[in-house]
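Novice: Before I ask anything, here is the structure I am working with.
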Amino acid sequence: MSKVEQLRKDLKQLHTGYGLMSLTWTPTPAPKEKAWGAMQRVIELAQASGVKAFFNVGEFYGPDYCNLKLVKSFFDAKPELRSHVIISCKGGLNIAAFKPSGKYEDVIASAENCIKHLGTHLEIFEVARLDKSLGGVYPCESFEAMASLVDRGVIDGISLSEVNKDEIAAIHKDWGKYLVCAEVELSMFSTDILYDGTASLCNDLGLIIVAYSPLGRGLLTGAIKRDSSFKNGDFRAHIRRFKDDSLQHNLLLTEFLQREIVDQRPSSNPISLPQVALGWIKALNSNEYSNTHIIPIPSGSDMKKVEENFNDSRTTLTEAEFSKITSFLKEFEVVGGRYEFS
């Protein structure tokens, strides 16, 4: 079995992955000891389920490669845990200009830079955005670079990131044997991939979907209220979805989930708002998308949040609950696009 095939097999057994972006790319980064505790708990819960943990990190998730350095410091202190984790890392950006940099030599340099700052082998690498300036349906030289890294054993496999149906089809046709997964946004507030053919194509191809921002960037956690404000440096303050009348409307979905799902559960079988949000995504695996495998990657800056998000027994919806939510979503129109600034 090739390393790509092994990664696919390992990820198909995983219910929940871990997004580390919010540990460092935030106005108030988590203290190292707190972040370490959360990371260790993710691994412990994965071990208890007999699977590997999945860490999703980024070259640009905070200044001076701090996201990668955090992971390095953790595994330097706890090297015995490294073999229990699959690391997927985003790069391929000109960090100074913050735009895609997909030329062959730039992608090679980015991946090698990530490995240097991680201080460990990298299982999966992905260019964060396709460099459209290089022309074509997708930048072929970006994937030539990543495939060469796989062939040389520098990385084990490739993930796609922020791609649409046509791009996935073209890339898979040319580089399918190197692909492990596709990372795209999916939550009750961002269901685009379920209707634009992206998820269906991944299902047809058997390509694993890594669902980022499964908690709607906080909208599905209950932490954001009608009178909430955001700290300086929080990009959500500039997104239409989180502002003024848009926020007031969008919170109708969160309030529905609280009223119709969370509050209706018996005390013997409680569920929280984040668990509802994650449970809805996981339920898709046993419905229309049984040939792929959708893995939500919530964050969690402390052990309490990790335990809430990774409790698989609590993030399971009944068929009636899933149906009720899906019916509501069909009639509910989110105000503000995923990256619609105003």
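Bear in mind these aren't lab numbers, they're just calculated from the coordinates by the rules spelled out. All values derive from a computational prediction rather than experimental measurement. Glycine also receives a Cβ, built like all others from the backbone with ideal geometry; neighbour counts cover every protein chain displayed.
Novice: Using Cβ contacts closer than 10 Å as the measure, can you line up Cys140, Cys114 from fewest to most? Present the calculation step by step, with values, prior to reporting the outcome.
Specialist: On the way: Cys140 17, Cys114 23.
Going from sparsest to densest Cβ surroundings: Cys140, Cys114.
Novice: Taking the dipole about the Cα centre of the chain, with the C-beta of Lys and Arg at +1 and of Asp and Glu at -1, give me whichever of Met21, Val184, Ser2 is farthest to the positive side.
Specialist: Going by the Cα projections, it comes out as Met21.
Novice: Just to be sure I understand the curve: with the Debye formula and one point per C-alpha of the chain, what is log10 I(q)/I(0) at q = 0.13, 0.15 Å⁻¹?
Specialist: Log10 of I(q)/I(0), two decimals: -1.02, -1.40.
Novice: If you don't mind, another one. In terms of Cα to Cα distance under 26 Å, which lysines are near enough to Lys69, apart from those fewer than 8 places away along the same chain?
Specialist: Here the lysines satisfying the reach criterion relative to Lys69 are Lys3, Lys32, Lys34, Lys52, Lys78, Lys90, Lys99, Lys103, Lys116, Lys231, Lys304, Lys305.
Novice: Shifting gears a bit: Just to confirm the number: angle between the C-alpha axis of helix 3-12 and the first principal axis of the chain, 0 to 90 degrees, nearest 10?
Specialist: Taking the Cα atoms of the chain, the angle to 3-12 is about 10 degrees.
Novice: Report the relative contact order of segment 10-101, percent, no decimals, based on alpha-carbon pairs under 8 angstrom and at least 6 residues apart.
Specialist: Numbers: 107 pairs, mean separation 28.2, N = 92.
Once normalised by length, the contact order is 31 percent.
Novice: Per residue of segment 81-92, what does 6.51 cos²θ - 1.76 cosθ + 1.60 with θ = phi - 60° give for ³J(HN,Hα)? Whole Hz please, x for Gly and Pro, Karplus curve as stated.
Specialist: For segment 81-92, the Karplus curve yields 8, 4, 5, 9, 10, 9, 9, 10, 10, 8, x, x Hz.
Novice: Taking the alpha-carbon centroid of each part, what is the distance from segment 66-107 to segment 23-54 in angstrom?
Specialist: 15
Novice: Roughly how many Å is it from the Cα centre of segment 242-284 to that of segment 295-342, as a whole number?
Specialist: Each part's Cα centre sits 7 Å from the other's.
Novice: Sticking with this one: Of Ser327, Ser88, how do they rank once you tally other Cβ atoms within 10 Å and put the fewest first? Before the final figure, lay out the partial values.
Specialist: Working: Ser327 10, Ser88 28.
Ranked by crowding around the Cβ, least crowded first: Ser327, Ser88.
Novice: Related question: Identify the chymotrypsin sites (Phe, Trp or Tyr not before Pro) of segment 294-342 meeting these criteria: DSSP loop state and at most 12 other C-beta atoms within 10 Å of the C-beta. Walk me through the intermediate numbers first.
Specialist: Working: sites: Phe310, Phe322, Phe328, Phe332, Tyr339, Phe341; in loops: Phe310, Phe332, Tyr339.
Those satisfying the criteria are Tyr339.
Novice: Pick from Asn94, Asn67, Asn250 the residue whose mean-square fluctuation is largest in a GNM of the chain, springs joining Cα atoms under 10 Å.
Specialist: So, out of Asn94, Asn67, Asn250, the one fluctuating most is Asn94.
Novice: How far is helix 104-118 tilted, in degrees, relative to the longest principal axis of the Cα atoms in the chain, given as a value from 0 to 90 rounded to the nearest 10?
Specialist: 70
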